[in-house]
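Undergrad: Please see the structure below; I have some questions.
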Amino acid sequence: ENDTLFKITVADSGPGIPPEKQDVLFDRVKDRGTKPTSADASSVGLGLYVAKELAKLNNIELTYEDNPTGGACFILTFRQ
């Protein structure tokens, strides 16, 4: 893409995001069916929403795709 400066990809080997939850992944306060990583942790569902909004403000695109080897893959695309 002509306007892309570079991309940063962050991937893991966890369970990934179920296909039916991917449409609301970056929405504010949506049930994604995810579980907190510790017993006392709780979530209000703002983390990915805030990350996406901050990216937009800086002309960066934040997207999700399944990791081909299993897990999740988040991509930050920096544009001119």
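Undergrad: If I ignore ligands, DNA and RNA and count only protein heavy atoms, how much of Asp66 is accessible to a 1.4 Å probe, in Å² to the nearest 10?
TA: 80
Undergrad: May I pose another question? Ranked from the most accessible area to the least, with a 1.4 Å probe and all protein chains present, what is the order of Ile60, Ile8?
TA: Per-residue accessible area, sorted high to low, gives Ile8, Ile60.
Undergrad: Tell me the net charge near Cys73. Cut-off is 12 Å between Cβ atoms, Cys73 excluded, with +1 for each Lys or Arg and -1 for each Asp or Glu. Before the final figure, lay out the partial values.
TA: On the way: positive: Lys7; negative: Asp12, Glu65, Asp66.
So the environment of Cys73 carries a net charge of -2.
The values are calculated or read from the model by the stated rules, or taken from the named source; none is laboratory data. Everything quoted here is computed from the prediction, not taken from an experiment. Note: ideal-geometry Cβ built from the backbone for every residue, glycine included; neighbour counts use all protein chains shown. Each accessible area value is taken on the protein alone, full model and side chains, heavy atoms only, with ligands, DNA and RNA left out. Shrake-Rupley method; radii C 1.70, N 1.55, O 1.52, S 1.80 Å.
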